[in-house]
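Below you'll find the structure, written out as C-alpha coordinates, and then a few comments.
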Amino acid sequence: MAILEEVKKQYGRLKLFMNGQWVESRSNTFFEDTNPATGDVIAEAPVATESEVDAAIDAACKAFKKWGD
(Lines give C-alpha, C1' and ligand atoms only; values in the text may rest on other atoms or scores of the structure.)
Protein backbone atom coordinates (compact mmCIF):
# COMPACT_ATOMS: atom_id res chain seq x y z
CA MET A 1 0.00 0.00 0.00
CA ALA A 2 1.35 3.43 -0.93
CA ILE A 3 1.46 5.92 1.91
CA LEU A 4 1.80 9.64 1.20
CA GLU A 5 4.91 11.34 2.57
CA GLU A 6 2.88 13.80 4.65
CA VAL A 7 1.14 10.87 6.35
CA LYS A 8 4.48 9.31 7.27
CA LYS A 9 5.48 12.36 9.31
CA GLN A 10 5.61 12.51 13.09
CA TYR A 11 4.07 15.86 13.99
CA GLY A 12 5.22 15.80 17.61
CA ARG A 13 3.31 17.59 20.34
CA LEU A 14 0.45 19.64 19.00
CA LYS A 15 -0.86 22.96 20.30
CA LEU A 16 -4.41 24.12 20.98
CA PHE A 17 -6.09 26.46 18.48
CA MET A 18 -7.95 29.14 20.44
CA ASN A 19 -9.08 32.61 19.50
CA GLY A 20 -7.37 32.38 16.10
CA GLN A 21 -3.98 31.39 17.50
CA TRP A 22 -1.99 28.23 18.19
CA VAL A 23 -1.14 28.16 21.90
CA GLU A 24 0.81 25.79 24.12
CA SER A 25 -1.37 23.88 26.54
CA ARG A 26 -0.68 24.04 30.27
CA SER A 27 -1.73 20.40 30.48
CA ASN A 28 0.70 17.63 31.30
CA THR A 29 -1.67 15.07 29.81
CA PHE A 30 -1.45 14.10 26.14
CA PHE A 31 -3.00 11.38 24.04
CA GLU A 32 -1.40 9.68 21.09
CA ASP A 33 -2.92 10.16 17.65
CA THR A 34 -2.23 7.23 15.36
CA ASN A 35 -2.26 6.72 11.64
CA PRO A 36 -5.10 4.23 11.12
CA ALA A 37 -3.37 2.73 8.09
CA THR A 38 -0.15 1.87 9.92
CA GLY A 39 -0.91 2.13 13.63
CA ASP A 40 2.12 4.42 14.01
CA VAL A 41 1.89 7.36 16.40
CA ILE A 42 1.89 10.54 14.30
CA ALA A 43 1.21 13.17 16.97
CA GLU A 44 0.58 13.83 20.64
CA ALA A 45 -2.44 16.02 21.33
CA PRO A 46 -2.91 17.85 24.63
CA VAL A 47 -5.90 17.19 26.83
CA ALA A 48 -7.00 20.76 27.52
CA THR A 49 -7.32 21.93 31.10
CA GLU A 50 -10.67 23.14 32.43
CA SER A 51 -9.54 26.77 32.18
CA GLU A 52 -8.37 26.23 28.58
CA VAL A 53 -11.75 24.76 27.67
CA ASP A 54 -13.51 27.72 29.31
CA ALA A 55 -11.26 30.17 27.41
CA ALA A 56 -11.91 28.38 24.11
CA ILE A 57 -15.68 28.46 24.68
CA ASP A 58 -15.55 32.15 25.61
CA ALA A 59 -13.54 32.97 22.47
CA ALA A 60 -15.91 30.93 20.29
CA CYS A 61 -18.97 32.68 21.75
CA LYS A 62 -17.45 36.11 21.14
CA ALA A 63 -16.47 35.17 17.59
CA PHE A 64 -19.94 33.82 16.89
CA LYS A 65 -21.56 37.06 18.07
CA LYS A 66 -19.30 39.09 15.72
CA TRP A 67 -19.95 36.69 12.87
CA GLY A 68 -23.70 36.71 13.44
CA ASP A 69 -24.03 40.51 13.25
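The values are calculated or read from the model by the stated rules, or taken from the named source; none is laboratory data. Since this is a predicted model, take the numbers as computed values, not measurements. Cβ atoms come from the backbone with ideal geometry, glycine included; neighbour counts cover every protein chain shown. Quick note on the areas: whole protein, heavy atoms, side chains included, nothing else; ligands and nucleic acids left out. Shrake-Rupley method; radii C 1.70, N 1.55, O 1.52, S 1.80 Å.
In the chain, the calculated helix contribution to ellipticity at 222 nm averages -10000 deg cm²/dmol per residue, counting -39,500 (n - 2.57) for every DSSP H run with n ≥ 4.
What is the gain in length, in nm to one decimal, between N35 and E50 on full extension, counting 0.36 nm per residue of separation less the C-alpha to C-alpha distance?
2.6 nm
Give the carbon-plus-sulfur fraction of the accessible surface of the chain in %, rounded to a whole number; probe 1.4 Å, heavy atoms of protein chains only. Of all accessible area on the chain, carbon and sulfur atoms account for 56 percent.
Using the Cα centre as the reference, give the magnitude of the dipole from point charges on the C-beta atoms of the chain (Lys, Arg: +1; Asp, Glu: -1; all else neutral), rounded to the nearest 20 debye.
220
What the pair-distance distribution of the chain shows, using all Cα-Cα distances binned every 10 Å from zero, is 19, 35, 27, 17, 3 percent. Tilt of helix 50-68 relative to the longest C-alpha principal axis of the chain, in degrees (0 to 90, nearest 10)? Around 70 degrees separate the two axes.
Near S27, the amide H atoms lying under 5 Å from its own belong to T49; only residues 5 or more places off or on other chains count, and H is placed 1.01 Å from N. All other residues whose Cβ lies under 10 angstrom from that of A45 are scored, Lys and Arg at +1 and Asp and Glu at -1, for a net of -1.
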